[in-house]
Amino acid sequence: MPSFDIVSEPNTQEVKNAIEQTNKEVSTRFDFKGTDARVDQKDLELTAYADSEPRLDQVLEVMRIKLAKRGVDIRYLEMDDPEKIGGDRVKRVITVKTGLPTEKSKAIAKLIKEAKIKVTTSIQGDALRVQGAKKDTLQEAIQLVRSKVEDIPLQFTNFRD
């Protein structure tokens, strides 16, 4: 039976490359000379450091630009509030979200069901599996989900005949 999975997974290698490019640009820019502005990465947790909040915002803007150029959707980022770490120095923790949350999976499954497309959905961990008798109905489901779900980046993987 034809099927595909709906997932929400960032390209972790591209995230790593974008962070490296961000640090490289921040270290060479004139307006950051003599500061300790940088972004550290530990798996899917990023921490941005700067000497002041305006500089922190600049570092984050450089990071957003580098991520966008590498094709990483900004909606994957979940930013905490900036926190002071002594003197004027501030840091901000950014989490790169992976996986499709269960409540979002349920909402997508409900959306497909309400559209009366002849497919079945099942939640499998961080993915939503969609199965149907024909490829055309699966493609119809993909088009529906692409047009209606805009608050979370989605990929359609494991398309099988």
Check your understanding: Which of the lysines could a cross-linker span from Lys24 if the Cα-Cα distance has to be under 25 Å and same-chain partners fewer than 8 positions apart are dropped?
Key -> Lys16, Lys33, Lys42, Lys66, Lys69, Lys84, Lys91, Lys97
Point to revise | Radius ratio Rg over Rh of segment 12-96, counting only Cα atoms, Kirkwood formula for Rh | key: 0.94
Practice item. Report the label-to-label distance for Glu103 and Phe159 in nanometres (one decimal), using points 7 Å from each Cα along the Cα→Cβ vector. Key: 3.1
Exercise for review: Please list the equivalent ellipsoid semi-axes of the chain, computed as the square roots of five times the alpha-carbon gyration tensor eigenvalues, in descending order and whole angstrom.
Suggested key: 40, 15, 11
Study note, to complete from the structure: Expected sort for 49-61, 110-122 on mean C-beta neighbours within 10 Å, highest first, is 49-61, 110-122
Practice item. Sketch the reach of a paramagnetic label on Asp31 as a point 7 Å from Cα along Cα-to-Cβ, and name the residues of segment 53-75 whose backbone nitrogen lies under 18 Å away. Key: 53-67
Revision key, fill the gap. Binned at 5 Å starting from 0, the alpha-carbon pair-distance distribution of segment 1-46 in whole percents comes out as 5, 18, 21, 15, 13, 9, 6, 5, 4, 3, 2, 1, 0
Exercise for review: Using Cα positions and a limit of under 15 Å, work out the aspartates and glutamates in reach of Lys106, with same-chain residues fewer than 8 apart set aside.
Suggested key: Asp5, Glu114, Asp126, Asp151
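A short reminder: the numbers here are calculations on the coordinates, not readings from a lab. The structure presented is a predicted model; accordingly, all values stated were derived computationally and were not measured. Here Cβ is always computed from backbone atoms with ideal geometry, including for glycine, and neighbour counts include all displayed protein chains.
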